[in-house]
Structures are given as C-alpha cells and as structure tokens.
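First up is the structure itself, then whatever we jot down about it.
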C-alpha cells in the first residue's frame, strides 16, 4: 500500500472567481460630454465635479471619444503662443477618438491585464455599441479586496 504524504489540498479562498465581471464593479452614473460642447464648458465641469475626464457620446449614447484634463491643457498651451491662453474650440476637435473599451462580461482579471498593458486609468464599458459604464483601476482593486475578505 502506497501512502501519500501530501497534505489535503484546500481551495484557495483568495482567488478571484471567474464570475467576477466588469459589470459587477463598473460605475454606471457617468458624467458624459457631447462633441459639440466647448472646451470652456468641459473645464468648468471637470473642476466642479472633481473628475479628470469623461466619455464623449453622440445623441444615441454611442461612444465617439474621450476628453481629459490633458486635452484641455493642450488648448490652453496653444493660446500661450498668442499671449492669451484660451479655452476655444469644441470637444470634437480635441477629444481622443481612438478609445480602447471593455465589455460588461469581461472578467475582472481581464480588466486588470488590460490596465497593465494599456497603462491607462479607466476604460469605457460598451454593450451593443452603447456606453453602459466605466471601470477604473480602483474598481478592480475594490473587486480584489472584496475577494480577500
């Protein structure tokens, strides 16, 4: 008779279950911008709401870009050359149009990998072509913390 000296194996309680999805941790109450808003309006909203950027959507809630503090600062710096920093222009002229997104059914681990590979702080979440939320690095850390309790 052969005896095994390996102890009983137990399930690792600190593993994130495969079913932990982006949709479970994403933010759904988003501040969005229109391509036709002015940069001045965007700056005021960013300051008043204490956010660093947001998704740009069309009238059908389709994601068309992202506008950030950095995009607004570029506009201010352009005005420096005229000795008059301004916030002229429309969002559509200054937003980033090529936006990496995630889907609601992506796993939290897939999101974590994307954050590391893309080196950005948040991803818009798209379902059937529509913006349904946003997930941040902090949201992923919250998910991991939940499973370590």
Worksheet item: Does segment 103-116 include one or more residues that are touching a helix residue (DSSP H, G or I) at 6+ places or on another chain (Cβ under 6 Å) and on the phi > 0 side of the Ramachandran plot?
Response: no
Discussion item. I'd like to verify a number: residues in segment 9-40 that are at pLDDT below 90, over 18 Å from residue 133 (Cα atoms) and surrounded by 15 or more Cβ atoms within 10 Å (Cβ to Cβ), how many?
Written reply: 1
Worksheet item: Are there any pairs, at least 6 apart or on different chains, whose C-beta atoms fall under 8 Å, with the first in segment 47-68 and more than 16 Å from residue 132 (Cα to Cα) and the second assigned to a loop (DSSP other than H, G, I, E, B), and if so, which?
Response: 49/31; 51/31; 52/121; 67/95; 68/52
Worksheet item: Taking residue 64 and the conditions (1) in contact with a strand residue (DSSP E or B) (Cβ under 8 Å, 6 or more places away or on another chain); (2) farther than 22 Å from residue 38 by Cβ, which numbered condition does it fall short on, given that it satisfies the others?
Response: (2)
Practice prompt. With respect to residue 131, determine if the residue is outside any loop (DSSP other than H, G, I, E, B) and either within 13 Å of the chain's Cα centre (by Cα) or within 23 Å of residue 72 (Cβ to Cβ) (or both).
Written response: yes
Practice prompt. Could you check residue 43 against (1) loosely packed, with under 13 Cβ neighbours inside 10 Å; (2) over 29 Å from residue 20 (Cα atoms); (3) in contact with a helix residue (DSSP H, G or I) (Cβ under 7 Å, 6 or more places away or on another chain) and say which number it fails?
Written response: (1)
Worksheet entry | In segment 28-46, residue farthest from residue 101 (Cα to Cα) [restricted to those that are outside any loop (DSSP other than H, G, I, E, B) and touching a residue at least 40 places away in the same chain (Cβ under 8 Å)] | 40
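Conditions tested, residue by residue: (1) at pLDDT 70 or above; (2) in contact with a helix residue (DSSP H, G or I) (Cβ under 8 Å, 6 or more places away or on another chain).
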residue	(1), (2)
7	no, no
55	yes, no
72	yes, yes
85	no, yes
92	yes, no
Practice prompt. With the condition kept exactly as written, say whether any residue in segment 74-85 is in contact (Cβ under 8 Å) with a residue 12 or more places away in the chain, more than 30 Å from residue 19 (Cβ to Cβ) and surrounded by fewer than 17 Cβ atoms within 10 Å (Cβ to Cβ).
Written response: yes
Fill in: Scan of segment 96-113 for residues that are within 11 Å of the chain's Cα centre (by Cα) and surrounded by 14 or more Cβ atoms within 10 Å (Cβ to Cβ), ordered by number
99, 101, 102, 111
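The values are calculated or read from the model by the stated rules, or taken from the named source; none is laboratory data. None of these values were measured; they are calculated from a predicted model. Methodologically, a virtual Cβ is constructed for each residue, glycine included, from the backbone with ideal geometry; neighbour enumeration extends over all protein chains shown.
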